[in-house]
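Working notes for the structure below.
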Amino acid sequence: MTSKSRWKFLAMLALVLVVVMVWYSISREDKYFELFYFPISEKKEPCFQGEAERQASKIFGNRSREQPIFLQLKDYFWVKTPSAYELPFGTKGSEDLLLRVLAITSYAIPDSIQSLECRRCVVVGNGHRLRNSSLGSVINKYDVVIRLNNAPVAGYEGDVGSKTTIRLFYPESAHFDPKIENNPDTLLVLVAFKAMDFHWIETILSDKKRVRKGFWKQPPLIWDVNPKQVRILNPFFMEIAADKLLSLPIQQQARKVKQKPTTGLLAITLALHLCDLVHIAGFGYPDAYNKKQTIHYYEQITLKSMAGSGHNVSQEALAIKRMLEMGAVKNLTYF
Ligand SMILES: CC(=O)N[C@H]1[C@H]([C@H](O)[C@H](O)CO)O[C@](OP(=O)(O)OC[C@H]2O[C@@H](n3ccc(N)nc3=O)[C@H](O)[C@@H]2O)(C(=O)O)C[C@@H]1O
Ligand SMILES: CC(=O)N[C@@H]1[C@@H](O)[C@H](O[C@@H]2O[C@H](CO)[C@H](O)[C@H](O)[C@H]2O)[C@@H](CO)O[C@H]1O
């Protein structure tokens with residue numbers, strides 16, 4: 001081989017190598033995107049009865065199958081269901097307050113959900129990734145749309161939809177006018193973190209004397225809702241989200257800032273037990289060094305606002321990635 005043709009040969013070899021490397025990295029990226037973001041088709045995703053429950057048992061074990069989604073009066077009135085943990089992971093010590101709340105609220109899963117052959121659910125996180133996503137009409141097509149805290153819908157319908165089947169909240173995160181951001185039949189599901197949260201909902205619903213102290217932010221004192229639409233989430237789901245997804249210690253009395261799952265991670269845990277198919281949207285925080293990036297789709301606040309909240313967002317991201325990788329949930333936004 002002359003030196004000229006040797007060079008030609010080497011150049012060809014280098015070119016082939018570059019092509020192979022580019023192809024390999026593109027195909028890997030495709031796989032990555034398929035895992036953490038999946039393209040939305042016009043057709044409804046096929047739904048398989050019991051699929052989410054099968055996935056849930058891999059993550060959370062079989063104990064969760066027997067647990068009611070919402071707390072029931074009979075478990076506290078006729079039998080005194082013992083709980084191993086205090087709020088937010090159990091009801092130990094809060095039974096009397098809880099009993100009064102359960103006497104005026106309901107626990108039933110509405111017929112509109114109960115009668116579905118297969119329950120397609122979407123959990124809408126409050127993340128900035130929903131902004132300009134145009135996912136509104138896609139979100140509205142799910143049978144059950146789960147929203148969190150005071151996340152607005154009015155004015156953001158194009159990106160987040162307008163249907164709200166279930167909204168998780170606690171006193172400090174309750175919207176002051178629940179009629180604006182919900183549908184007439186939205187289930188308002190209280191996530192209790194402390195005994196005062198039960199006291200708050202009782203005084204609001206039975207129009208008793210309000211207590212202002214004991215909250216980290218002033219909750220509504222007048223709240224125009226029908227008690228029949230209020231449910232109390234079984235704290236068992238907080239326990240398993242903390243234990244199985246984040247490996248947090250459940251008994252942690254000595255610690256100053258108690259670590260706990262975010263309401264969104266709790267909602268995914270709930271959905272895996274209530275639904276047959278679980279999709280998520282609007283999850284994911286900016287990197288810690290991204291100090292100016294706003295975190296919500298509806299307001300300008302940064303990660304700094306979450307200091308002292310007791311959440312480990314990087315650990316949560318790993319937990320969500322794990323659920324995406326195993327196919328337990330699918331993501332409508334990127335992750
Ligand atoms: C200041 C403060 O305490 N902020 C907390 C707020 C606040 O209390 C409410 O918005 C009411 O005003 O609530 C939280 O969360 P927040 O209401 O912000 O968001 C709801 C859930 O969406 C997911 N999320 C949000 C933003 C983002 N960039 N990525 C996300 O994945 C999370 O799973 C989150 O749970 C909460 O309840 O978890 C957690 C936040 O720490
Ligand atoms: C002891 C106490 O009240 N701690 C408060 C935290 O619960 C609260 O975190 C907030 O507590 C909520 C429950 O009440 C939710 O878990 C929410 O995700 C979380 O951010 C932070 C908010 O800045 O303020 C502290 O004083």
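The values are calculated or read from the model by the stated rules, or taken from the named source; none is laboratory data. Because the structure is predicted, anything quoted here is derived from the model rather than measured. FYI the Cβ positions are ideal-geometry reconstructions off the backbone, even for glycines, and counts take in every protein chain you see.
Descriptive notes on the structure:
- Boolean, Leu318 is hydrophobic (A, V, I, L, M, F, W, C), under 24 Å from Asp159 (Cα atoms) and more than 10 Å from ligand 1 (Cβ to nearest atom): no
- So Ile280, is it at pLDDT 95 or above and not in a strand (DSSP E or B): no
- If you go through segment 62-81 and keep only what is of a type in the set (A, V, I, L, M, F, W, C), modelled with pLDDT of 90 or more and over 27 Å from the mean Cα position of the chain (by Cα), you end up with nothing.
- Count of residues meeting criterion [surrounded by 22 or more Cβ atoms within 10 Å (Cβ to Cβ) and away from ligand 2 (no atom under 16 Å from the Cβ)] in segment 166-180: 1
- Condition met for Leu303 (within 12 Å of ligand 1 (Cβ to nearest atom), surrounded by 15 or more Cβ atoms within 10 Å (Cβ to Cβ) and over 17 Å from the mean Cα position of the chain (by Cα)): yes
- Answer from Lys330, Lys260 - the residue that is basic (Lys, Arg) and surrounded by 21 or more Cβ atoms within 10 Å (Cβ to Cβ): Lys260
- Hits in segment 85-95 - residues which are surrounded by fewer than 17 Cβ atoms within 10 Å (Cβ to Cβ) and either touching a residue at least 60 places away in the same chain (Cβ under 8 Å) or over 23 Å from Lys258 (Cβ atoms) (or both): Gly93
- Condition check for Ser309: part of a loop (DSSP other than H, G, I, E, B), within 11 Å of ligand 1 (Cβ to nearest atom) and within 30 Å of Pro82 (Cα to Cα): yes
- Across segment 181-238, the number of residues qualifying as part of a loop (DSSP other than H, G, I, E, B), within 16 Å of ligand 2 (Cβ to nearest atom) and not polar (S, T, N, Q) comes to 14.
- Verdict on Asp185 being of a type outside the set (A, V, I, L, M, F, W, C) and within 16 Å of ligand 1 (Cβ to nearest atom): no
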